[in-house]
Amino acid sequence: MTYPLTVEVTDWGTGRHPQVPERGRAVRFSYRTTATAPLPETRVQVAVCAVDSADVVLLCDTVDVYEGVGVPPVETGDSWIGPGAEQGPDLSETARVVLLPDQLLGDGRAGDPKDHDGYVPPRLPTPGDRLSTT
């Protein structure tokens, strides 16, 4: 079974975040979502990771790429990851930006151990983790 939503990075770059330029470099990225059928969830999150040329994670964060009911048209969005409040990784080493499935939220509480939905989201990669490309 294939999930009826595709999310792809359409552009990215590094630079100083306009709201906190004193914190150093951040990664700006644009993405496009395309749904081929109605989605049962009300919200879809993906992990966005900046990785270096050896596929080592420099920084990851999550972003909501879909909120609503039904089939959205092709939609575009953009966001930033980084910089952190503390001195973080050198994001100028970013070789690419990857998207990883994170959470499908149907009732707003998915992943909450108290609701017993059986879903445990994957661990968000942390700086230094190597992503498998196979």
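The values are calculated or read from the model by the stated rules, or taken from the named source; none is laboratory data. Quick caveat, the model's predicted, so the values are computed rather than measured. In this analysis, Cβ positions are derived from the backbone assuming ideal geometry, glycine residues included, and neighbour counts consider all displayed protein chains. These area figures cover heavy atoms from the full protein model, side chains too; ligands, DNA and RNA do not enter into them. Shrake-Rupley method; radii C 1.70, N 1.55, O 1.52, S 1.80 Å.
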Worksheet item: Roughly how many Å² is the accessible area per residue of the range 1-57, as a whole number, for a 1.4 Å probe?
Response: 52
Discussion item. If packing is taken as the average count of other Cβ atoms within 10 Å, what order do 51-59, 13-21 fall into, highest mean first?
Written reply: 51-59, 13-21
